[in-house]
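The next block holds one structure in the form of structure tokens; read it before the comments.
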Amino acid sequence: MLRSTRKRSRKARSHSVTTTSFESEIDAYIAGISRYGVALSADEIRRIAHTLDRLPTEVELYAFDAQWSEHCSYKSSRHFLRRLPTDGPTVMQGPAEDAGILHLGEWQGEKYGIVIAHESHNHPSQVVPFEGAATGIGGIVRDVLCMGAQVIAVADPLRFGRLEDAHSRYVAQGVVDGIAAYGNAIGVPNIGGDVYIDKSFDDNVLVNVVALGLIKETEIIHSKAPAGSVGWDIVLVGKATDRSGFGGASFSSVTLDEDDAEANKGAVQVPDPFLKNVIMRASYRVFEALRAAGIEAGFKDLGAGGMAGCTLELVSSGGYGAIIDLDLAPTGQPNLPPAVIAIGETQERLAWVVPPSFTPELLRIYNEDYSLPEISRGACAAVIGTVTQEPFYVARYQGEEVMRVPTRFLTDGVRYNRPYTIALPDPEPFAEFDSRTRSKRVSELDRATVEKILAHRDVCSRAPIYQRFDSVVRGTTAIPAGEADAGVIVPIPGAPLAVALSVDGNPRYGAIDAMRAAELAVCESARNVTAVGARPVGMTDCLNFGDPTDPKHLGEFVAAVDGLAFAAGRLGTPFVSGNVSLYNQSKAGRAISPSPIVACVGTISDIAKTATFAIKRSGSPVHFVGMPQPNFGGSVYADVCGFASRNLPTIDYDEVRREIDLLVEAYAEGIVLAAHDISDGGAITALCEMAFASLDRLNAGLRVDTTAFPDKHAHDESIFYGEAGGFIVEVTDSDAFARLATRYRVFAPLIARTTDDGTLRYNACAFDLAELRETWAAPLRDFYGEAVS
């Protein structure tokens, strides 16, 4: 075990011989710690030793390893994140704590907010897929719960490697099962997500998770020790600490190495969703008791850095220190080392800071009313420490002091201004690109191309995946996953207020231009919630990239941040929460495609004025909202036809805002019957999916006519296969919708009429929609090696 040297006096240290001796001790210390598996650099250890004026103890070593990791400290990225817009009239609380809060609306004199958090659990899910994905859901739920909110929904943006590869398929199946097992067991609906499949994720799966909560503005609980809380109790709640998850923060902040796969499994936490279910309900009761007593408390989840990381951040955020007795922490295994007790990331744990007068009530609720010790061996609520005035974090074990560190030194961490290069995109002029590749493309809507698009890995039905998730548990889901571009929850009993949630981020775009990909992710995520009738009000992001020490990869990250900032600023949708996941790269140097993933929250004032994308009736007019572009970079069309293009869609933000305003107004006036955004696969995919959703009920069909498009946009490939955005909208009254479009200066031609003959007709072509639906549904049907109904 590493031991700390005694602290030298400043006077003694000033002597050159003593200083030289101390430097030698530091060098020897650095040389001897490789077997401890920490990711701290030699320079970081030297900084720690010089600031403490001694060598760190073993507990301190692991504490710094966790707190100074990329996962916890954002040491390579934090200063770039300041570029993101984070405030505005829709923001109730910005990204200062574990989750942000957006205004939902007022009901019966109360102002309600939607709590949202966004995280990643990429490395754990690659190494142990089921547990890694399950604990990702567990962690994001705690982030929302600790704000004092009732957890109301989750979502899961997923990026898988090629499913024809046996290991990638195993990882994907384990991830889906882990998300389903955890989310279903805690009784929280999964209302959205997306899935992309690409070879760049063969070695590094991406498992991003989002959670929503409901809270009244007057009942927010903060993740810090309140003012005047010196002498208050620090109470640990949840599962007994064990060896699982030790070193998780550091593990998530390094490049994965296949040779270390078995060793890395120990850094992945073990989920217990049934215990979490009880802890959530007990915590709701604690919220009520605190409000009744008029007590302001601090509450935070134990995630990266374990008990020390959580309690340290609680007191440091309030400007205080703490004395922690590790012997008082409930443990599930005998003789755990103090470093494991302090830093281990055992799941299903939270920590409170409460006045001693309230502590007996807190313990009674968890231990007696909700019987935590009977749910899981060793689980309970227990007092483990005290808030102190002196801003030092002190931990004791078996009567000895094993940690004494200035709180801000540990939480502030280190910052790096690493070099980066931003490669300018290299688009080809369309005319040049057109003449060289025309032979590989199609000039009309033909069956072979449509079938290839619908069967594409990023277009085909995701039902075999999302049907594993319970999207309607709790009875508050108005639009579940798979029925629209965004899921919709009606969270307040009796109120018409609703919230929509969508996620987006196209890795095919990221591989071409990280900045434009980020902008397009913001726009599409905003369109997704608009398509169900919601007004986009705020966003979160998860920034998934490669090695930040590689100037190219860091440059991609910086470009994506700038793209997010620009797009959100132009659309007025601030970021209130987010996450950075770096080192998504194998030891062989294979990095993921740059993947900025955006979640958007939309608010709805009247749930009656929403819609799915399913066609509602025969004879309805269908409008195309937006302007097609002959830019096919990163498109499904280019992929299935086998031609290369780096021309990503351009963005006219004024036009995007007007399109959003048009659709929101059309919903308010009751004109919209169904709406679908135009994205992967283009308008032909949107049209087909709208018909597929009503094929069994209405034998829905479409008769398409593109003559309303101007000549310069009359090419079928731009109209049907382009991914420049916009909407396909079924309306009740074409003239009324056209008048609104004129008012908002939006190009919205009539493109089709719905029918009841089960066919998609265009010019002389007639496609049997039942056959097309089978083509679309088949590719992932054997995701688990069996048919999924």
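Computed from the coordinates by the stated procedures, all read-outs in this text should not be read as laboratory data. Owing to the predicted nature of the structure, the values given are computational and were not obtained by experimental measurement. A quick note on method: Cβ atoms are made from the backbone with ideal geometry, for glycine too, and the neighbour counts reach across all protein chains shown.
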Nearest-0.05 FRET efficiency for residue 605 and residue 448 at R0 = 51 Å, using Cβ-Cβ distance, is 0.65
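First check a/c for segment 290-416, with a ≥ b ≥ c the square roots of the eigenvalues of its C-alpha gyration tensor; if it is under 1.5, answer rounded, and if not, answer prolate when a/b is larger than b/c or oblate otherwise.
The shape class here is oblate.
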Computed from the beta carbon distance with a Förster radius of 41 Å, FRET efficiency for residue 745 and residue 111 to the nearest 0.05 stands at 0.75
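Determine the gain in length on full extension of the stretch residue 697-residue 291; use 0.36 nm per residue of separation and subtract their C-alpha separation, reporting nm with one decimal.
Gain on extension, residue 697 to residue 291, equals 141.2 nm.
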Cα-Cα longer than 19 Å, checked against 111/224; 276/300; 111/276, kept in input order, equals 111/224; 111/276
If 232, 107 are placed from fewest to most neighbouring beta carbons inside 10 Å, the sequence is 107, 232
Fewest-first ordering of 383, 625 by Cβ atoms within 10 Å yields 383, 625
Two pseudo-spin positions, 7 Å from Cα along C-beta at residue 47 and at residue 732, lie apart in nanometres by 6.2
Placing each pseudo-label 7 Å from Cα in the direction of the beta carbon, residue 199 and residue 643 end up separated by a distance in nanometres of 2.2
Excluding residues fewer than 8 positions from residue 216 in its own chain, the aspartates and glutamates with Cα under 18 Å of it are 97, 98, 106, 110, 143, 288, 296
Note to self: C-alpha centroids of segment 72-113 and segment 45-59 sit apart, in Å, by 35
Assertion target for 343, 279, ordered by fewest C-beta neighbours within 10 angstrom first, is 279, 343
Given a Förster distance of 30 Å, the FRET efficiency implied by the Cβ-Cβ spacing of residue 784 and residue 277, rounded to the nearest 0.05, works out to 0.70
Once both label points are put 7 Å beyond Cα along the C-beta direction, the residue 549-residue 390 separation in nm becomes 3.7
Extension length gain for residue 270 and residue 167 (0.36 nm per residue less Cα distance), in nm, is 34.9 nm
Projected area averaged over all directions for the convex hull of the alpha carbon atoms of the chain, nm², comes out at 33.6
Taking a ≥ b ≥ c as the square roots of the eigenvalues of the Cα gyration tensor, with a/c under 1.5 meaning rounded and otherwise prolate when a/b exceeds b/c and oblate if not, segment 196-246 is oblate
Where a ≥ b ≥ c are root eigenvalues of the Cα gyration tensor, a/c under 1.5 meaning rounded, otherwise prolate if a/b exceeds b/c and oblate otherwise, segment 611-789 counts as oblate
Check: C-alpha center segment 537-612 vs C-alpha center segment 270-348, spacing in Å is 29
Treating only Lys and Arg (+1) and Asp and Glu (-1) as charged, each at its beta carbon, one finds that the chain has a dipole about its Cα centre, in Debye to the nearest 20, of 1480
So, relative contact order of the chain in percent, Cα under 8 Å, 6 or more apart, is 15
